[in-house]
Structures are given as C-alpha cells and as structure tokens.
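See below for the structure under consideration.
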Amino acid sequence: MCADATREIAPRSGVAFTLDKCDRLIVIDPRGEQVADLLAFNRHDLDEVISSGRTLDYASRIYLTTGDPLYSNRSNVLLRIVEDTVGRHDFLLTPCSADTFRIIYRDADPHHGCFGNLAAALAPYGIAPDRIPVAFNCFMNVPVDAATGALAVEPPLSRAGDRITFEAEADLVVGLTACSAPQSNNGSFKPIHYRIERGSRSGCDGDDPRGRDAVRNASASGA
C-alpha cells in the first residue's frame, strides 16, 4: 500500500474525502481523549450509508473492534475495522449539533457541532443534511447500565497516538470530524489526525478467494 501524508482536522471542525475499495483509513488521536465522528456513503449511490442499527443487530453487541464490519442500511459491508488500539468506540449516539447544545447543554448561542461540520463538508458531494445518520464515533466512551439501560458519556479511553484503522469494502465518500461536544472529549477540544493508505483491488483482503486469514498469514510469512 502507498500511504498519503498524515492530515490534521482542527478542533471542532470536519472534512470529507473519498476512499476507493481496498483503501485503508487510519484515524489517530494525537493528544488523547478526543472523539472523531465518522460517516461513510456508497460513492456510487449516496442513499446507501453506514447503519448503526444493522451493524449492532448483526454484531449482537454495542462495542465494536478489530475484525468487525460496519454494515450499510442495505446490509452491505462498507468498512471493516482492521486495527484498533483502544477497543472502545460508540455507534449509538447521533453527531452533536446546535440542537444538542441547546437541549443538553442549555447554550443560548449553540455551536453547530459535528452535524453542522459534516453537513458543510459533505455538501460538495451532493449529500444533504437529512441524509446524515448516526455516526461511528471513534474513541467515544458510552457505557450502558445493564439494569436500567441508562447511557453515560465518559472520558475517552484513548491516549496520545492511539488509532483505529478501517478498510473500505466499497468506493466511499467519508465524513470525519474532531468532535465538538465538551462532555465527549473530557472538557477540551483537540485535533484529530488521519492518514489514507491507498490499496489495490487485486490485493484487497475481501477479494482474495482464500479468505482474509490466508492473506494475513501469507503477508506475515513473506509469501
């Protein structure tokens, strides 16, 4: 794979970009305790997008990590987690927005939040705000009380340099933020780094007839 330069998303901002099938996206928390909201749309049909409901239903758990796929609203795998140094992320809560800050934080002049940042970044790709679903919230720590079902937002478990890596299983439009919500980031706003490793379709794990494990084993042995 050929790696692009590492890029920075400024605090409380967002970007959008494309991935080709077999590319890898590495999302890095450079300072620790910073959430990044991630969205992925099928580049050839923008009505297909990652789905929290389908992904968690098929996984039968709410915490996803290495090896887990992110399914679309049409039950196709759009991304797969191939590396994770943290092991705690959220796929329950919606991107923070002006309404989040108005309703939860009681802000009189609310920030537009990750929702606003994603909407602005995705607009050039023809993605309207109403198409934005629940994001995969990298590094976000949302424990659930087993008895009551109550949700809490706790400081992220990520430390400086922690990362999560996704492999694209389709051609995608991706939105990514440095989260804007104080509670999600332990009270401070920090940047997010990301890097894209450009893959080749012929070398994509998901396309190898021997399966993913055979590809990994061959790579490890130098075959």
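Some values worked out for this structure:
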| item | result |
| --- | --- |
| Global form of the chain, assessed from the alpha-carbon gyration tensor, a/c cut-off 1.5 | prolate |
| Potential extension, THR85-GLU8 segment - 0.36 nm per residue separation minus Cα distance | 25.8 nm |
| Residues of region 4-37 with amide N under 20 Å of a point placed 7 Å along Cα→Cβ from ILE103 | 37 |
| Label-point gap, in nm, between LEU92 and ARG195 - each point 7 angstrom along Cα→Cβ | 3.3 nm |
| Accessible-area value, LEU92, 1.4 Å probe, nucleic acids and ligands omitted, Å² | 60 Å² |
| Long-range amide H partners of SER51 with built H, under 5 Å | TYR71, SER72, ASN73 |
| Volume per residue of the C-alpha convex hull in region 62-106, rounded to whole Å³ | 108 Å³ |
| Extension gain (nm, one decimal) between LEU46 and ASN186, 0.36 nm per residue minus Cα-Cα | 47.0 nm |
| Where the Cα pairs of region 2-99 fall when distances are cut into 10 Å bins, in % | 12, 44, 38, 5, 0 |
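The values are calculated or read from the model by the stated rules, or taken from the named source; none is laboratory data. Note that the structure is a prediction, hence the values are computed from the model and not measured. Positions of Cβ are generated from backbone atoms using ideal geometry, with glycine treated the same way; all protein chains shown enter the neighbour counts. Side chains are part of the model used for accessible areas, which takes the heavy atoms of the whole protein and leaves out ligands, DNA and RNA. Shrake-Rupley method; radii C 1.70, N 1.55, O 1.52, S 1.80 Å.
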